[in-house]
Amino acid sequence: MNQLFAIIRLAWAYLTSHRKQSVAILIAISLAVSLPIVASNIVRQYLQTLDTRSGNPPVMLSPRGSRFDAVLKVQYFLGESLPSLQWQDVTHITTNKSLRCIPVHLLHTANAQATPVIGTVRDYFTVRDLNLHSGHMFAQAGECVVGALVNVSDDVLQTDISNPFDLSAAPPLILTVVGRLQPSGTPDDQGVFVSLDTAWILDGYGHGHDIADQGTAAANSSVLSAATDGHRPNESIRTIDEANRHKIHFHGNPNLYPISAVLIWPETNRDQVVLEGNYINHKSLQVLRPDVEIDTIMRYVFQMNTILQRIFLLLGSVTLLLIAVIIFQSLNARKHDLETMKLLGCSRLQVFKLLGTELFLLLIGSALLTVVVTAALIATLPSLESLL
Amino acid sequence: MQNTKPIIIVENITFQYPGSEFKLDLPKLEVAVGAQCAITGSSGCGKTTLLRLLSGIENTQIGEITIKGQRLSELSNRGIRNFRNREFGFIFQDFRLVEYLSLRDNILLGVTLGNKINPASAIARLDELTNRVGIAHLLNRRVSKLSRGEMQRVAVCRALIHNPSVIFADEPTANLDPKNSAVIWELINSEARSNNATVLAVTHDTDSINRFEQVLDLESLMETAAS
């Protein structure tokens, strides 16, 4: 036992006296092991996230365009804003009583674009199986419910300026947080939910101001430029409360107000097939199945993952080769010391034990470092969703 | 103290390094138990080679070396290592210390990585030896931070730590000043006397030679053999 400790001490002495070499080997091994683990973890998380709502809803209505972009935006709040359909498209499709339709409006953000603001109806929470952790659902314009992971201070949340280069754009609102959702493990945890009225106020279709403040005519770039009664008040209400809520009003034709997409739950497969048939040749709208689009995305992700793993395997092999070279070189550099041990009559087995112990200590250190690096990377790396 | 029974017996050995002109021929040499012998001779006459042959580091091509009744040629490589580890203490001219190890680990290196020595007794002896040569306070210091004189003392302590039967010293004071040389020789000789160990030391220095009871001039021994 004493001899074992003595050998460990000798091995430790070698490793600490060749600190740079030891640290280089530790880092090389731990990175070669932890990077593939982290990469596959991120991919797995991404696939899990994709999977959470791939078939829910079964179909959705969106403006004609990229099907991937539409699904990623509507289901996961990822990517740039999409073209919108109009409220009249929603009212048209909701006349079909065999379809459960939930409109979503996804044009705005909060917290410096980190948090999507989702304008929708309260049924959204039912179909998504979202429950309140505290507070209550939004009931009026200016109120919001936040996902479990959204940062809020003082129960208010300011939306982002929709276009900082457009002076005629509607000013941001300071939303009152009236409820927080329970964690769901879905992108909804990161969302801020408001009524469609609130979303349209953020668009600029609605606002509140003193009667005397008629401001200026709506600019050409304004969403109200075509509205006969459109104007831009000098000072719009930024925080909607009981005292000023009566001043909120809307301009323009409500049928033309924008909606990003409609989530649809048909009662039967037949209803779904009929719906898809109705829109198959529609000029501006498309019905798409999120699960089909997500399966395609998942296949891409799997392929990417396979490629990544092969790259990491190659890198790992190169790293192992380099470590072997370092060890070989260090043995060469230690020829004199090993010769001295031979001259002193040291047992060949004990010398091998010494070298083995050095390698073992390096591997133990690498394993510990790998655990720390992997945990740190998984905890700190932004998820693939936010990278996208 | 000295016993007339030989501990080292050399019979008709011949050795030549591959590709070298030099050849060591020694017909007979006997060294008694407890003898303190200086081996002299001009540079390149084979003194170091003789020590390497006697300590089993090199193998004779012809002839036989018997130490403490054991014929070295009958031992396997492993057996020679064990025998050397147990019975011999070797002080090298260039010290051959392991630079990254502490003084303590250097002295105990042969014990730690050896097979036959009791580590507990060696550790007890470590204190005794290092105190005696005045390096006990440096035990945890790395060898690379020691002076040459201190390094030589470490090398001597390493050679004596396991109370060897034979101490081989290859010009151990070659690079030391007279004062430090005296300390080293005093230590080697007194330790050998107290353990009845045999000393075979290569040296050129006249002062050092005078410290030995027996002086073997290698060239004379070889010439005698030739004639």
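Of note:
- The long axis of helix A:19-52 is offset from the longest Cα principal axis of chain A by roughly 30 degrees.
- Amide H contacts for residue B:40 (H built 1.01 Å from N in the peptide plane; partners 5 or more residues away or on another chain; cut-off under 5 Å): B:216, B:217, B:218.
- Length gained when the stretch residue A:40-residue A:238 is fully extended (0.36 nm per residue, less Cα-Cα span): 66.8 nm
- Counts of other chain beta carbons within 10 angstrom of each beta carbon in peptide A:10-23 average 2.
- Where both bridge residues fall in the protein assembly as shown, DSSP classifies roughly 70% of the beta bridges as antiparallel.
- Computed from phi, the 3J(HN,Hα) profile of the range B:66-83 under the Karplus parametrisation 6.51, -1.76, 1.60 (θ = phi - 60°) reads 10, 10, 6, x, 9, 6, 5, 5, 8, 8, 6, 4, 5, x, 5, 4, 4, 4 Hz, with x in place of Gly and Pro.
- The distance linking the range B:134-151 with the range A:1-77 is 48 Å (Cα centroid to Cα centroid, whole angstrom).
- Chain A, helix-only ellipticity at 222 nm - DSSP H runs n ≥ 4, -39,500 (n - 2.57), divided by all residues, nearest 500: -15500 deg cm²/dmol
- Under DSSP loop assignment and at most 14 Cβ neighbours within 10 Å, longest GluC sites (Glu not before Pro)-free interval of chain A: A:81-234
- Theoretical FRET efficiency, 1/(1+(r/R0)^6), r = Cβ-Cβ of residue B:23 and residue A:317, R0 51 Å, to 0.05: 0.50
- Percent RCO, i.e. relative contact order, over the range B:13-89, from Cα pairs under 8 Å lying at least 6 residues apart: 27 percent
- Among A:175, A:349, A:285, the residue with the largest mean-square fluctuation in a Gaussian network model of chain A, with springs joining Cα atoms closer than 10 Å, is A:349.
- Interface burial for B against A (accessible surface, 1.4 Å probe, total of both chains, Å², rounded to 100): 2400 Å²
- Each Lys and Arg adds +1 at its Cβ and each Asp and Glu adds -1 at its Cβ; summed about the Cα centre, the range A:253-324 shows a dipole of about 280 debye.
- Relative contact order (percent, whole number), chain A, Cα cutoff 8 Å, 6+ residue spacing: 28 percent
- GNM flexibility winner over chain A from A:59, A:43, A:372 (Cα, springs under 10 Å): A:372
- Mean sequence separation of contacting Cα pairs (under 8 Å, at least six apart), scaled by the length of the range A:61-112, corresponds to a relative contact order of 32 percent.
- Modelled spin-label separation between residue A:256 and residue A:68, with each label point placed 7 Å from Cα along the Cα-to-Cβ direction: 3.4 nm.
- Between amide H atoms placed 1.01 Å from N, distances below 5 Å from residue A:86 occur with A:259, all of them 5 or more places distant or on a separate chain.
- The alpha-carbon of residue A:247 sits under 30 angstrom from the alpha-carbon of none of the lysines, leaving out residues fewer than 8 places away in its chain.
- The GNM of chain A, with springs linking C-alpha atoms under 10 angstrom apart, assigns the highest mean-square fluctuation among A:315, A:181, A:82 to A:315.
- The range A:1-48 shape via C-alpha gyration tensor axes, a/c threshold 1.5: oblate
- Peptide B:104-114 has a mean shielding of 6, counted as Cβ atoms of other protein chains within 10 Å of each residue's Cβ.
- Mean per-residue shielding of peptide B:85-97 is 2, counting Cβ atoms of other chains within 10 Å of each Cβ.
- Per residue of chain B, the DSSP helices (runs of n ≥ 4 H) give a summed -39500 (n - 2.57) that works out to -11000 deg cm²/dmol at 222 nm.
- Measuring between alpha carbons in the structure, the pairs from A:73/A:283; B:145/B:179; A:20/A:353; A:342/B:5; A:335/B:28 lying more than 25 angstrom apart are A:342/B:5; A:335/B:28.
- Packing-based ranking, highest mean first, of A:4-17, B:144-157 given that Cβ atoms within 10 Å are counted: B:144-157, A:4-17
- Filtered GluC sites (Glu not before Pro), the range B:179-227: DSSP coil and at most 13 other beta carbons within 10 Å: B:213
The values are calculated or read from the model by the stated rules, or taken from the named source; none is laboratory data. No experiment lies behind these values; they were computed from the predicted model shown. Positions of Cβ are backbone-derived with ideal geometry, glycine not excepted, and every protein chain shown enters the neighbour counts. Quick note on the areas: whole protein, heavy atoms, side chains included, nothing else; ligands and nucleic acids left out. Shrake-Rupley method; radii C 1.70, N 1.55, O 1.52, S 1.80 Å.
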